[in-house]
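> The structure follows.
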Amino acid sequence: MNHGNREIKADEALTAQSEPAGRYKWVADVMTRKTVTLSPHHGFAEAVSLMADRHFRHIVVVDTGGQILGVISDRDILRTLARTANWQTKDVSQIMTRDPFTVRRDTPLSVAVAKIVSKRINCLPVLDDEGKVCGILTSTDLLKAYQKLLESLDSNRAAL
Amino acid sequence: MDIAAANNLSTDDPGTTFSATCVADIMSTHLVTLSAHHTFGEAVQLMTNSPFRHFLVVHADGRLAGVFSDRDVLRALGRTPNWQAKNVSGVMTHQVFTVTPETPLSVAASEMLSRRINCLPVIGKDGKVCGIITSTDLLQSYQKIQASLENHLGDTRAGSV
């Protein structure tokens, strides 16, 4: 996707579906592989319009080498709009959450869920072995996994 | 066998996992509510000073008027030139999908996902608001059962691989 003259990678959610819900064990089993990224020098207004036009709520901020610098959530945007008089002049690096909590592809799902709930966050960038962003795990991904599990449990109960 | 294992967790491992099945099992009954005539500024102030992202807007008789969420605030700030002049009823979501305490959790979760919302007001038999179920409530419930499932999967894979 081309946004202005700078490249912004944006894509529809693409979630792994290889395992039945009762078999999901690792972050890699349910994470969203395509992420929306911006670089730190993008303007705040670009982050706002990206999010207002589409359905995702999190943008990962990376450097040119793919190393994670921060995350911008819809919550960060709300806070900035409410508290910052000259928000038009801010750039992404000034409003992002720096050094966000992250997980690895092979982090157990229960650990990732506990992190999201206890830290009151809605997304965890997923890092590969080189520390590069390879996906994002959102509360929506987790809710989908739970919903599938609940349906399996319901039908299993009905069959008893 | 994994689903069967999940169903049997409470009997296999006494005291470890209670598998929640309906809204009443995990809903919150402690509610922070707003009135429709609160100003937009008051509501935003309440939200930024609160851990909650959703506020039920309730009529004086206890019936639901709407839901005021952080998403509504974002939308209003982005699209409404005179947002300072609005009150809660001018910004809140009026057509709200609700559940009852007896609604299965699988239905609550799928409604949240398909409607792209994070909270469902719970309405009792008397037609009044009796609780709220949020995506966080669901994730807490998921965390418990998932942790137990992982233990079972770990045993299974260690034995078979």
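> Six or more apart or on different chains, Cβ atoms under 6 Å: show the pairs whose first residue is in region B:114-129 and closer than 18 Å to A:Asn122 by Cβ and whose second is in a strand (DSSP E or B) and among the polar types (S, T, N, Q).
B:Asn118/B:Thr134; B:Cys119/B:Thr134
> Looking at region B:74-107, which of its residues are facing chain A (nearest Cβ under 9 Å) and either among the basic types (Lys, Arg) or in contact (Cβ under 8 Å) with a residue 12 or more places away in the chain (or both)?
Correct list: B:Arg75, B:Arg79, B:Pro104, B:Leu105.
> For region A:84-97, give me the residue count where each residue is in a loop (DSSP other than H, G, I, E, B), more than 22 Å from B:Pro51 (Cβ to Cβ) and out of contact with any Gly (no Cβ under 8 Å at 6 or more places or on another chain).
Of the residues in that region, 2 qualify.
> Are any residues in region B:90-111 modelled with pLDDT under 95 and either surrounded by 17 or more Cβ atoms within 10 Å (Cβ to Cβ) or closer than 16 Å to B:Ser28 by Cα (or both), and if so, which ones?
Correct list: B:Val91, B:Met92, B:Val96.
> Continuing with this model, one more query. Might you check whether a residue that is in a loop (DSSP other than H, G, I, E, B) and either under 23 Å from B:Gln45 (Cα atoms) or small (Gly, Ala, Ser) (or both) occurs anywhere in region A:98-115?
The answer is no, given that none of the residues of region A:98-115 is in a loop (DSSP other than H, G, I, E, B) and either under 23 Å from B:Gln45 (Cα atoms) or small (Gly, Ala, Ser) (or both).
> Does A:Leu150 meet the test of being crowded, with 21+ Cβ neighbours inside 10 Å, farther than 20 Å from A:Ile72 by Cα and either in contact with a Leu (Cβ under 6 Å, 6 or more places away or on another chain) or more than 7 Å from chain B (Cβ to nearest Cβ) (or both)?
Yes; evaluated as a whole, the condition is true for this residue.
> Moving on. Are any residues in region A:21-47 within 11 Å of chain B (Cβ to nearest Cβ), surrounded by 21 or more Cβ atoms within 10 Å (Cβ to Cβ) and among the hydrophobic types (A, V, I, L, M, F, W, C), and if so, which ones?
Passing the criteria: A:Ala21, A:Val30.
The values are calculated or read from the model by the stated rules, or taken from the named source; none is laboratory data. Because the structure is predicted, anything quoted here is derived from the model rather than measured. A quick note on method: Cβ atoms are made from the backbone with ideal geometry, for glycine too, and the neighbour counts reach across all protein chains shown.
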